[in-house]
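Computed from the coordinates by the stated procedures, all read-outs in this text should not be read as laboratory data. Not measured: the values here are computed from a predicted model. Glycine gets a Cβ as well: all are built from the backbone with ideal geometry, and neighbour counts include every protein chain shown.
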Amino acid sequence: MNDKILENHKKYIERIDLYKKSGWDFIEERKEIIKKSLPIQGKILEIGAGKGYFSVELAKQNYKFISIDNSTEELEYAKMNLQYYDLLKNVEFRVMDAEKSEFTDNYFDVIFCVGMLHHSQNYKKFIDETIRILKPEGKFVLSDFSKKGLGIIQENHKAEGRVHPENSVYISDIIEYLFEKNYEIIRIDSQFQDTIIIYKNRAK
């Protein structure tokens, strides 16, 4: 294993430990999101790979899936994190804008998006596009930071000399947007993360 992968993994673990000091074990939280999303089968998509924290946990459970992100740099980090655990074979990474998906209608059975919503430039377009590529009986698992979680992120970024922007959209905005549509929505919140499971064509 090359030095670049080892150094990347060291930073990966340091970030996990940093948040644990704030009382937030976001790896266990991601495992819980997977557990709450069962059964998971068929064609799976992850939107917003980032540095691969959710990708790793999904791949560790032997799921095979496509993962997209609009940042080539972030995908390189994610790939190295998967390589460290010898799990890269489980994931097909693609550079893609989630608001302008290249997938055909009704393509995926399960779609995950964890920790990316607050980066969306046009959340309504993002939601509509994601539901377009979801199969009629599919489910869309959408999770993002709660206000408390965002506060911890901002504190940690500040300590590192960086700035994390305020969220422009929350899970509650998505629920409000989808209220008049024919989707069943199940909400599963934790202390630091808000999560909903959206069922495309299942009656409320």
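Rounded, prolate or oblate, given the Cα gyration tensor of region 1-143, with a/c below 1.5 counting as rounded? Note, shape of region 1-143 comes out prolate.
Here the spin labels are modelled as points 7 Å beyond Cα on the Cα-Cβ line, and at Gln191 and Ile13 they lie 2.4 nm apart. For the cross-link pairs Lys20/Lys60; Lys100/Lys135; Lys31/Lys125; Lys124/Lys147; Lys89/Lys135; Lys124/Lys181, which exceed 23 Å when the distance is taken from alpha carbon to alpha carbon? The pairs that break the limit, which is 23 Å between Cα atoms, are Lys31/Lys125; Lys89/Lys135. Given the options Asn167, Met96, Ile13, identify the residue whose Cα lies farthest towards the positive end of the charge dipole of the chain (+1 on Cβ of Lys, Arg; -1 on Cβ of Asp, Glu). The Cα lying farthest towards the positive end belongs to Ile13.
Less than 12 Å apart at the alpha-carbon level, and either on another chain or at least 8 residues along: which aspartates and glutamates does that give for Lys4? Partners found: Glu76. Length available on full extension from Lys36 to Tyr107: 0.36 nm per residue minus the Cα-Cα distance, which gives 23.3 nm.
Label region 84-204 by shape, choosing from rounded, prolate and oblate, from the square roots a ≥ b ≥ c of the eigenvalues of the Cα gyration tensor; if a/c is under 1.5 it is rounded, and otherwise prolate applies when a/b is larger than b/c, oblate when it is not. It is oblate, given that a/c is not under 1.5 and a/b is not larger than b/c. From its DSSP helices (H runs of at least four residues, each -39,500 (n - 2.57)), the chain gives a residue-normalised ellipticity at 222 nm of -12000 deg cm²/dmol.
Taking GluC sites (Glu not before Pro) in DSSP loop conformation with at most 11 other Cβ atoms inside 10 Å as exposed sites, the chain has its longest uninterrupted site-free stretch at 1-101. Rounded, prolate or oblate: pick one for region 1-62, where a ≥ b ≥ c are the square roots of the eigenvalues of its C-alpha gyration tensor, a/c under 1.5 means rounded, and failing that, prolate if a/b is larger than b/c, else oblate. Oblate, since a/c reaches 1.5 and b/c is not below a/b. What the Cβ-Cβ distance of Asp86 and Lys125 gives, at R0 = 41 Å and to the nearest 0.05, is a FRET efficiency of 0.65.
Considering only C-alpha atoms, what is the centroid distance from region 163-204 to region 46-94, in Å? So the two Cα centres are separated by 24 Å. For region 73-204, a crude dipole built from +1 on the beta carbon of Lys and Arg and -1 on the beta carbon of Asp and Glu, taken about the Cα centre, is about 300 debye to the nearest 20.
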